[in-house]
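The values are calculated or read from the model by the stated rules, or taken from the named source; none is laboratory data. Everything numeric in this text was worked out from a predicted model, so none of it was measured. Neighbour counts are summed over all protein chains in view; Cβ atoms, including those assigned to glycine, are modelled from backbone coordinates with ideal geometry.
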Amino acid sequence: MNVGLQLYTLRKMAADNFVDMLQKVANIGYQGVEFAGYGGLSINELKHVLNELGLQAVSAHISLEELLKDDAPLEDALSLGLSYVICPWLPKMKRQHIDDYRAIAKKLKMVAEKYARHGLVVGYHNHAFEFESQSDDGSSGLEIILNEAPSLQAELDVYWLEYAGKSAVDYITRYAGRCEVIHIKDMADDEDKSFAEVGAGTMNIPAIIEAANHSGTKWMFVEQDVCKKDPLQSVTESFDYLLRLGVVGGENF
C-alpha cells in the first residue's frame, strides 16, 4: 500500500511557499500527494516540481460546484496525470434533507461517468454530517450517495466515520473494491475527540490498515484537519508510525 499526504494539513505552509512545502513532504518520505488546490502554480510548473522531487500526483479534492461548472478540473487532472478526483465536502444548504443526497448522488454519478470516459476515477469523501439524515429504510446520506452512484469511489475518512459512531473497519469492508483511496487519521483520547497523529490516538489503526489491505486500498492519505503541534511535525510523526508498521512502499501489513 502506498502512503501519501493530503496537502490540506499543511495549508498554512502551502500558502507561504508551495514548492518548499512539497520539498518538505518529499523529504519526510511520502510517496504521493492529494491536492487541495495547486498553490497558484501552472500545471506544467507543478508537474516539473513533482518530477524533480519524485512525488506522485495521485488525487485532488475539487468541489462539486467546480466539477459541475466546466471541464477545467478534468483538463487539469489529465494534464497533471492524476488517477482520482474527489468531491471533498457538501455545503450545508445542499444537504438539508435526505432527498438532497439523492440529488447529489445523481450529479456525482454523471460526473463519474464523464470522467471515466477519460480514464479518471471520481470519488466522494465523507465527514460525519452524512449520518445526520436517514431515509425511511435507515440508509444514511453517505449510503445513499454510494448506493445510487455505483461508479463512485468511496474515499472513506476513518476519523469521521468513528466520530459519527460508525466502525471504520466495517465500512472499509462493506465497500471493498470501492475504497481504493482512504484518509488515515487518529482520534485523541479527550472530551472533544480532537485530531491526533496517526498511532497516537485511540483508534485501532492496525485493524483499519488490515481491512484496507483486504479491501483493495491502493493509497492511504494522511490528513490531520487540525494539529496541536507544528503541522509538519505531526505529518512526520504519522508517517514514521506507518513506516514502523511496514505499510510504506506497498508492503503488506
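So which residues in segment 53-72 are within 17 Å of the chain's Cα centre (by Cα) and part of a helix (DSSP H, G or I), if there are any at all? Selection gives LEU64, LEU67. Among residues of segment 175-197 that are over 14 Å from LYS228 (Cβ atoms), those with a beta-carbon under 6 Å from a residue that is among the charged types (D, E, K, R) and not in a loop (DSSP other than H, G, I, E, B) at least six positions away or on a different chain give the pairs VAL181/GLU155; HIS183/ASP157. The listed residues are ALA72, ALA112, ALA60, ALA36, and the only one of them that is free of Cβ contacts under 8 Å to residues at least 12 places away in the same chain and either of a type in the set (Gly, Ala, Ser) or closer than 30 Å to GLU237 by Cβ (or both) turns out to be ALA72.
Quick check on ASP170: is it surrounded by fewer than 23 Cβ atoms within 10 Å (Cβ to Cβ), in a helix (DSSP H, G or I) and of a type outside the set (A, V, I, L, M, F, W, C)? Let's see the steps before the verdict.
Working: surrounded by fewer than 23 Cβ atoms within 10 Å (Cβ to Cβ): yes; in a helix (DSSP H, G or I): yes; of a type outside the set (A, V, I, L, M, F, W, C): yes.
Considered against the rule, which asks whether it is surrounded by fewer than 23 Cβ atoms within 10 Å (Cβ to Cβ), in a helix (DSSP H, G or I) and of a type outside the set (A, V, I, L, M, F, W, C), ASP170 comes out as yes.
Taking the conditions exactly as written (modelled with pLDDT of 95 or more, in contact with an Asp or Glu (Cβ under 7 Å, 6 or more places away or on another chain) and under 30 Å from HIS214 (Cα atoms)), does VAL58 satisfy them or not? Yes: the conditions hold for VAL58.
Of the residues that sit in segment 11-52 and are part of a helix (DSSP H, G or I) and of a type in the set (Asp, Glu), which one is nearest to LEU120 (Cα to Cα)? Ranking the qualifying residues of segment 11-52, first place goes to GLU45. A Cβ distance below 9 Å, combined with a sequence gap of six or more or placement on separate chains, defines the contacts here; from segment 11-26, residues that are touching a residue at least 24 places away in the same chain (Cβ under 8 Å) and under 19 Å from VAL222 (Cβ atoms) reach residues that are part of a helix (DSSP H, G or I) and aromatic (Phe, Trp, Tyr) in the pairs ALA14/TYR8.
Would a scan of segment 202-219 turn up a residue that is within 24 Å of ARG11 (Cα to Cα) and touching a residue at least 24 places away in the same chain (Cβ under 8 Å)? Break it down stepwise before answering.
The first filter runs over segment 202-219 and keeps only residues within 24 Å of ARG11 (Cα to Cα), leaving 219.
Next, from what is left, pick out any that are touching a residue at least 24 places away in the same chain (Cβ under 8 Å): 219.
The answer is yes; a qualifying residue exists.
Taking the criterion of being of a type in the set (D, E, K, R) and either over 23 Å from LEU7 (Cα atoms) or touching a Leu at 6+ places or on another chain (Cβ under 9 Å) (or both), the residues of segment 173-216 that qualify are ARG174, ARG178, ASP189, ASP190, GLU191, ASP192, GLU210.
If only residues of segment 83-107 that are without any contact (Cβ under 8 Å) to a residue 40 or more places away in the chain and under 19 Å from LEU120 (Cα atoms) are counted, the one that is farthest from the chain's Cα centre (by Cα) is SER83.
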